[in-house]
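First up is the structure itself, then whatever we jot down about it.
Every number in this text was worked out from the coordinates using simple rules, so none of it is lab data. Everything numeric here is computed off the predicted structure, so don't read it as measured data. As a convention, Cβ positions derive from the backbone with ideal geometry for all residues, glycine included, and neighbour counts pool all protein chains shown.
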Amino acid sequence: AVETRPIDGKAFAAGLRDEIKAEVASLKASHGLTPGLAVVLVGEDPASQVYVRNKGQQTIEAGMASFEHRLPATTTEAELIALVDRLNADPAVDGILVQLPLPKGVDERAVLAAIAPAKDVDGFHVVNAGRLAVGLDALVPCTPLGCLMLLKHHLGSLSGLEAVVVGRSNIVGKPMAQLLLKEDCTVTIAHSRTRDIAAVCRRADILVAAVGRPQMVRGDWIKPGATVIDVGINRVPAPDLGEGRTRIVGDVAYAEALGIAGLITPVPGGVGPMTIACLLRNTVTAARRRAGI
Ligand code: NDP
């Protein structure tokens, strides 16, 4: 059997945040520039509140400016777009993030389209998606960017490797596939209509699961020695912990993958912590590009 090594995303993200903090300090010292991130939260979604709080805290810890805008669930699309316009024009704001999901009745696409592409640190604007696709400098969605950093750190060159991405969402699967293609992988994207998905996955030297189905990827879908990146965050009942208790699991059956995968990201503690670290990275990138440094 293969000896499986877990990828410690928590430690890697902490290291990345330290690097960013040092870079921010030097931008301040040499250019008088303090990168600023504005986060907009509409409504009371509990998970979104936790994300927004963590983003704000980590932005401040990195030495950057954090601007939080909390709006009631009754906010209209026009009011939200007016706020985005103000942030687009605000010189202290380098990055704008509108926390999804937005309340019903607000068109997410219209709001995301209103964000200036140069400040679109989530990388969801069609201009950034298009720039990534044609190989221009782009702000890249944070989660796939974090996955790519982990892959390059552990594998070095990815050139020529077979990569299979399960999931084709605009925020994870598609940009992940674009990034792997840019690294010269041979990329396959699998999704809900893929025939014999197990056989497709077994081809992968790099297998990325971004599906949102608890433990869907089984041990025998994994090529021995492959690197497995599990993006899934699924809350499932955990009666063994007590009545009504839950736990978080990924899209990969982790216990089955042990002894087969060469490297694997655990859930939690793998991809998850990389996302906010990459948001900070994107904010610094946006600030540098806007200032021309
Ligand atoms: P979406 O629901 O937007 O996309 C899921 C994708 O999985 C779709 O392309 C869908 O295919 C595909 N899919 C669904 N069922 C199957 C199946 N049975 N077989 C093969 N493919 C299937 O999810 P996201 O991309 O937004 O997120 C994916 C997971 O990643 C979730 O668990 C989410 O919580 C997690 N996540 C974690 C983040 C982090 O770590 N920070 C950030 C973002 C997401 P089709 O297109 O055909 O419907």
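The stretch between S192 and E68, if pulled fully straight at 0.36 nm per residue, gains 40.9 nm over its current Cα-Cα span. Principal axis analysis of the Cα atoms in the range 127-185 yields extents of 30, 23, 17 Å, listed in decreasing size.
Hey, rough spin-label estimate for K182 and E77, points 7 angstrom out along Cα→Cβ, what's it come to in nanometres? With each label placed 7 Å out from Cα toward Cβ, I get 3.1 nm.
Site pair R235 and A199 shows an inter-label distance of 3.9 nm when each label is modelled 7 Å from Cα along Cα→Cβ.
For the range 151-213 versus the range 116-150, the spacing of their alpha-carbon centroids is 17 Å. Cross-link reach is defined here as a Cα-Cα straight distance under 17 Å, omitting same-chain residues fewer than 8 places apart; for K182 the lysines meeting it are K152, K174.
Think of the chain as having a plus end and a minus end, set by charges on the Cβ of Lys, Arg, Asp and Glu; of T275, V228, G9, V228 sits farthest toward the positive end of this dipole.
When trypsin sites (Lys or Arg not before Pro) are flagged only if DSSP places them in a loop and at most 14 other Cβ atoms lie within 10 Å, the longest unflagged stretch of the chain comes out as 1-103. From least to most packed, judged by other beta carbons within 10 angstrom and beginning with the fewest, F124, F67, F12 follow the order F67, F12, F124. Taking a straight Cα-Cα cut-off under 20 Å and skipping sequence neighbours fewer than 8 places away in the same chain, the lysines within cross-link reach of K119 are K21, K28, K55. Of H125, H31, the sequence from fewest to most neighbouring Cβ atoms within 10 angstrom is H31, H125.
Remark on the chain: C147, C185, C201 stand apart, with no other cysteine beta carbon under 4.7 Å.
Neighbour counts of C-beta atoms inside 10 Å place V165, V284 in the sequence V284, V165, starting with the fewest.
Per residue, what volume in Å³ does the convex hull of the Cα atoms of the range 216-280 enclose? Kindly include the intermediate steps, with their values, before the conclusion.
Numbers: hull volume 6.2 nm³, N = 65.
Once divided by residue count, the hull of the range 216-280 is 95 Å³.
Here K223 is the anchor, and the aspartates and glutamates within straight C-alpha reach of less than 19 Å, apart from those fewer than 8 places off in the same chain, are E3, E162, D196, D205, D251, E256.
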